[in-house]
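The values are calculated or read from the model by the stated rules, or taken from the named source; none is laboratory data. The structure presented is a predicted model; accordingly, all values stated were derived computationally and were not measured. When we count neighbours, we look across all protein chains shown, and the Cβ atoms used for this are built from the backbone with ideal geometry, even at glycine.
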Amino acid sequence: MVTAATLHKARLLDSPAKLTLVQGTLLGVLAEFGWQVQAWAVLANHYHVVAFCSDRPETLGEAVAKVHGVSARELNAMDQAEGRRVWYQSWDTALTYQRSYYARLHYVHENPVHHGLVARAVDYEWCSAGWLERDAAPAYRKMLEAFAIDRVNVIDEFD
């Protein structure tokens, strides 16, 4: 699981076009590096993503660096702010316990609700909740929803 924040928690992803840019860059670059994304949420000043890569897990740092480099250049071009530092830091956690993995999946799918952006996560375009609702089996969705997220330990103080 990766969490990344903008510098000073600035709400730089302040339009649908910018959110779409970061979401597309995140998903595209991770796929390019062989990572299979399981959940994601892109918000105005941070993102979370849960992914796995059995072939080359050591590429995570390089992949995140590319996401940040590509998206920062594009965001700065959009804002006419060449050279501005966009991303502050990222944190990654290896999810080795099944319960922890499922709880974090549920947490990331519900992140837009956690931050008060929508009442239902499926209504937020820049997260995986809609994808989960469309593509996952009902039994799988029900199982994920059973995992409590109120005590999940994730860096997420971005309000």
*Any chance you could count how many residues in region 109-122 are free of Cβ contacts under 8 Å to residues at least 60 places away in the same chain and either assigned to a loop (DSSP other than H, G, I, E, B) or among the acidic types (D, E) (or both)?*
5
*Take the residues in region 61-70 that are buried (at least 17 other Cβ atoms within 10 Å of the Cβ) and of a type outside the set (A, V, I, L, M, F, W, C), then tell me which one is farthest from the chain's Cα centre (by Cα).*
K66
*Can you name the condition, by its number, that H8 falls short on among (1) at pLDDT 95 or above; (2) at positive phi?*
(1)
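For region 127-135, state whether one or more residues are within 21 Å of T6 (Cα to Cα) and either under 13 Å from the mean Cα position of the chain (by Cα) or charged (D, E, K, R) (or both). Talk me through it step by step, then tell me what you get.
Going through region 127-135, the residues within 21 Å of T6 (Cα to Cα) turn out to be 127-128.
Still in the list and also either under 13 Å from the mean Cα position of the chain (by Cα) or charged (D, E, K, R) (or both): 127-128.
Within region 127-135 (the criterion being within 21 Å of T6 (Cα to Cα) and either under 13 Å from the mean Cα position of the chain (by Cα) or charged (D, E, K, R) (or both)), the answer is yes, since at least one residue qualifies.
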*Which listed residue, of H48, H106, is in contact with a helix residue (DSSP H, G or I) (Cβ under 6 Å, 6 or more places away or on another chain), at pLDDT below 95 and at negative phi*: H106
*Which residues, taken from region 74-108, are among the charged types (D, E, K, R) and free of Cβ contacts under 8 Å to residues at least 24 places away in the same chain?*
E82, R84
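Mind telling me which of the residues W87, W91 ends up being aromatic (F, W, Y) and at pLDDT below 95?
Working: W87 fails: at pLDDT below 95.
One residue alone meets the criteria, W91.
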*region 71-122: number of residues that are touching a strand residue (DSSP E or B) at 6+ places or on another chain (Cβ under 7 Å), surrounded by fewer than 16 Cβ atoms within 10 Å (Cβ to Cβ) and under 19 Å from W35 (Cβ atoms)*: 2
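Any idea which residue in region 123-153 is surrounded by the most Cβ atoms within 10 Å (Cβ to Cβ), counting only those that are assigned to a loop (DSSP other than H, G, I, E, B) and among the hydroxyl-bearing types (S, T, Y)? Before you say what the answer is, go through the steps one by one.
First, pick out the residues of region 123-153 that are assigned to a loop (DSSP other than H, G, I, E, B): 124-126, 128, 136-137, 146-153.
Within this subset, residues satisfying the condition of being among the hydroxyl-bearing types (S, T, Y) are 124, 128.
On the way: Y124: 23, S128: 27.
Among those that are assigned to a loop (DSSP other than H, G, I, E, B) and among the hydroxyl-bearing types (S, T, Y), it is S128.
Could you go through region 101-108 and let me know if any residue there is aliphatic (A, V, I, L, M), farther than 28 Å from A17 by Cβ and in a helix (DSSP H, G or I).
Going through region 101-108, the residues aliphatic (A, V, I, L, M) turn out to be 103, 105, 108.
Among the residues that remain, those that are also farther than 28 Å from A17 by Cβ are: 103.
This time we only want the ones that are in a helix (DSSP H, G or I), so: 103.
Yes, region 101-108 contains a residue that is aliphatic (A, V, I, L, M), farther than 28 Å from A17 by Cβ and in a helix (DSSP H, G or I).
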*Could you please tell me which pairs satisfy a Cβ distance under 6 Å, a separation of 6+ or placement on different chains, a first residue in region 29-57 that is touching a residue at least 40 places away in the same chain (Cβ under 8 Å), and a second residue that is of a type in the set (S, T, Y) and in a strand (DSSP E or B)?*
N45/T6; H48/T3
